[in-house]
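Undergrad: Can you keep this structure in mind? I'll have questions shortly.
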Amino acid sequence: MPRTQSSAVMKWLFVFAAVVAFLVVFGGFTRLTRSGLSIVEWNPINGTVPPMGNHQWEAEFAKYQQTPEYILINKGMTLTEYKYIFFVEWFHRLVARLAGLFYAIPVFYFLFKKTIPFKEFGIYFVMGMLFIGQAFMGWFMVASGLVDRPSVSHFRLTAHLMLALILFSLALWTAFGHKYGFHDSGKARWSLPSKLALGSTVVLLIQIIYGGMTAGLKAGHVSSTWPLMLGKWIPPNLFNSWVALFESPQTIVFIHRWFAWLGIILVPVVYYLVKKQNYPADIVNGLKWLTGVVALQIALGVLTVLSFVNIVIALIHQANAILLLGLAVYFIHRFRALDRKMVTEMENIPVQGNLATK
């Protein structure tokens with residue numbers, strides 16, 4: 001981990017994390033409008049400029065007309081209708097390119113100015129590799145929907161999502177280090193609040209993974225009722241094989257519906273513990289807000305189901321999940337810093353000599 005704090009680097013990382021979050025949410029909009037497969041080639045340089053003139057548009061549209069999505073779903077789409085989904089995906093890719101520049105230019109500037117010492121560059125290098133990795137995974141995902149199916153692989157979509165969220169979390173974690181200080185908490189024991197915060201984050205990540213698979217399989221359209229699904233509390237044959245956990249839309253959306261409730265249980269427990277143990281007021285108050293955000297997330301999930309995946313509600317649901325992840329990173333960072341502080345205070349307590357030996 002870095003050791004050198006910098007207000008400028010901190011501000012850059014916070015803004016970069018926000019850019020990544022926006023990219024994820026706009027990616028959700030791209031998916032919900034079925035725009036993601038509209039551009040059938042990945043041209044990182046030439047693709048920056050959209051088609052110019054009717055001839056280029058006709059050529060681009062002709063490529064799309066060869067895809068399974070056009071043949072099986074959008075047969076008869078007009079050029080005007082195609083331009084709309086094209087520009088949605090084009091803007092998505094443009095934002096990704098700009099996000100890449102927003103990473104690369106500042107990081108090399110800070111390296112050149114030695115604001116980031118070269119020996120501490122490792123974590124920033126990992127961020128760059130994560131960004132490149134999620135970009136390649138994005139095209140790998142799109143490519144899965146251009147051959148023999150009118151949709152992308154839900155595994156590749158989820159991997160693309162998770163790489164972006166890992167990048168988001170790492171940028172936030174490092175920004176918090178610049179703000180609050182970099183603490184070597186490796187030797188510090190994990191307190192119970194720290195363990196519960198980590199457990200809550202694992203629950204959230206599993207929920208996000210199942211949310212990604214739900215999106216990829218369009219499993220949110222399986223049933224528009226809640227709490228019953230397909231007229232039952234537990235529809236039959238949900239868990240008749242382990243493959244269903246990763247392939248069956250009904251099983252995946254059922255897990256995504258109910259696993260979230262574990263979070264609404266864990267967060268109040270953490271709040272009770274930190275209040276009882278007299279943790280700093282900012283953490284206690286922050287956990288109150290976190291409880292509210294978790295409750296809001298569940299409510300948004302229910303509304304997404306009842307509205308049959310209304311785009312606006314679904315995007316707010318996705319954005320709130322990213323907010324939850326950001327809060328989870330914050331609390332783990334703060335709890336681990338307090339764990340380390342406790343160890344330091346214990347090490348600094350003077351040892352009383354044995355009076356019997358004097």
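The values are calculated or read from the model by the stated rules, or taken from the named source; none is laboratory data. No experiment lies behind these values; they were computed from the predicted model shown. So basically every Cβ, Gly included, is an ideal-geometry build from the backbone, and we count neighbours across all protein chains shown.
Undergrad: Only residues that are more than 11 Å from Pro193 (Cα to Cα) and either among the basic types (Lys, Arg) or buried (at least 21 other Cβ atoms within 10 Å of the Cβ) (or both): list them for region 256-275, please.
TA: His256, Arg257, Ala260, Gly263
Undergrad: Those residues that are small (Gly, Ala, Ser), surrounded by fewer than 20 Cβ atoms within 10 Å (Cβ to Cβ) and either in contact with a Lys or Arg (Cβ under 8 Å, 6 or more places away or on another chain) or not in a loop (DSSP other than H, G, I, E, B) (or both), I need them from region 1-27; list them, please.
TA: Residues satisfying the conditions are Ser7, Ala8, Ala18.
Undergrad: Let me ask something else. So which residues in region 156-201 are closer than 30 Å to Phe246 by Cβ and basic (Lys, Arg)?
TA: Answer for region 156-201, where residues must be closer than 30 Å to Phe246 by Cβ and basic (Lys, Arg): Arg156, Lys195.
Undergrad: Hey, another quick one. So which residues in region 70-82 are closer than 13 Å to Thr33 by Cα and in a helix (DSSP H, G or I), if there are any at all?
TA: Glu81, Tyr82, listed by residue number.
Undergrad: Any idea which of Ile311, Ile316, Ile349, Ile322 is at pLDDT 95 or above, of a type outside the set (Gly, Ala, Ser) and more than 20 Å from Ala18 (Cβ to Cβ)?
TA: Values: Ile316 fails: more than 20 Å from Ala18 (Cβ to Cβ); Ile349 fails: at pLDDT 95 or above; Ile322 fails: more than 20 Å from Ala18 (Cβ to Cβ).
Exactly one of Ile311, Ile316, Ile349, Ile322 is at pLDDT 95 or above, of a type outside the set (Gly, Ala, Ser) and more than 20 Å from Ala18 (Cβ to Cβ), namely Ile311.
Undergrad: Determine whether Ala215 is within 24 Å of Arg149 (Cβ to Cβ), more than 21 Å from the chain's Cα centre (by Cα) and surrounded by 17 or more Cβ atoms within 10 Å (Cβ to Cβ).
TA: no
Undergrad: Scan region 140-168 residue by residue and report those that are closer than 17 Å to Leu204 by Cα and either surrounded by fewer than 21 Cβ atoms within 10 Å (Cβ to Cβ) or touching an Asp or Glu at 6+ places or on another chain (Cβ under 8 Å) (or both).
TA: Of everything in region 140-168, those that are closer than 17 Å to Leu204 by Cα and either surrounded by fewer than 21 Cβ atoms within 10 Å (Cβ to Cβ) or touching an Asp or Glu at 6+ places or on another chain (Cβ under 8 Å) (or both) turn out to be Ala159, Met162, Leu163, Ile166.
Undergrad: Looking at Phe140, is it farther than 24 Å from Ala18 by Cα, under 22 Å from the mean Cα position of the chain (by Cα) and part of a helix (DSSP H, G or I)?
TA: Working: farther than 24 Å from Ala18 by Cα: yes; under 22 Å from the mean Cα position of the chain (by Cα): yes; part of a helix (DSSP H, G or I): yes.
So Phe140 passes the test.
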